[in-house]
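> Submitted below is the structure of interest, expressed as structure tokens.
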């Protein structure tokens, strides 16, 4: 039975050993909730491409740029005096990241937090996709267009374009679920409402297992695969993200 097989992979891979090679390591690297939220948000934006490359980049950002004090750094961020260098990554440039930091500084100096931004956006519609739209719109409304490249929009993609939003869904998995891997510090939304963090790898495995029929890797495929996984566990469908990972490892897909 497929559910039994996937449940075995969850037990095997949703362990502390998973953390060291995954971007989730950055939310485990801090004790203060404000540091954790900022670290997770930033880590999720860089979490694509080769793991060793973006993990190295994130280590540089948190250690060399932020001095391992994300909240203090954001709270005191000075756009005019910044000396940020070497934070470019693939599609995004230093200027794109600097703009995100500047807007995060605005958020935190308005006495808000990453959680309050997501929570407020969710409470307006009680819909996770519209929540993402509200969060992204907050940044879009404050960005200085003459100071960014298109890489800014790759770091914070527009939900209305119906891409998979893998990194935002991954961030929600980290912060809403509670396990040996996921940190579970947000409770304004149920884990039953989370959506699978779909990428080319998990989509390919989903099709191989007959869990996904659509050929694209966009929003509709996220919904289809999540709904299929809800048949296995309606209360926590996204835990099968670990099962898809494990199946791919064991079957070299």
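> Per residue of the chain, what 222 nm ellipticity follows from adding -39500 (n - 2.57) for every DSSP H run with n ≥ 4, rounded to the nearest 500?
Mean residue ellipticity at 222 nm (helix-derived): -16000 deg cm²/dmol.
> Evaluate the relative contact order of the stretch 2-251 (contact order divided by residue number), counting alpha-carbon pairs under 8 angstrom at least 6 apart; express in whole percent. Please list the in-between numbers first.
On the way: 309 pairs, mean separation 54.0, N = 250.
Averaging sequence separation for qualifying contacts and normalising by length gives 22 percent for the stretch 2-251.
> Same structure again: Beta carbons within 10 angstrom, averaged per residue: use that to sort the peptides 239-245, 214-220, 7-13, highest first.
Top to bottom by mean Cβ count within 10 Å: 239-245, 7-13, 214-220.
> How large is the Rg to Rh ratio of the stretch 87-233 when both quantities use alpha carbon positions and Rh follows Kirkwood?
0.99
> Then there's this: Working from the pairwise distances between different alpha carbons, so that the mean of 1/r is found and then inverted, what is the stretch 84-138's Kirkwood radius in Å?
12.4 Å
> Quick check: the angle from helix 94-109's long axis to the longest principal axis of the chain, C-alpha only, nearest 10 degrees?
On a 0 to 90 degree scale, this one is about 80.
> So what are the radius of gyration and Dmax for the Cα set of the stretch 1-123, in Å?
Rg and Dmax of the stretch 1-123, Cα atoms, are 16.6, 59 Å.
> Also: For the stretch 2-251, how big is Rg over Rh, using alpha carbon atoms and the Kirkwood form of Rh?
That ratio equals 0.95.
> Could you work out how far apart the two model spin labels at residue 90 and residue 193 are, taking each label as a point 7 Å from the Cα in the direction of the beta carbon, and quote it in nm?
Result for the modelled spin labels: 2.9 nm.
A short reminder: the numbers here are calculations on the coordinates, not readings from a lab. This one's a predicted model, so the numbers in the text were calculated from it and none came from an experiment. Because the Cβ atoms are built from the backbone with ideal geometry, glycine has one as well, and the counts that use them run over all protein chains shown.
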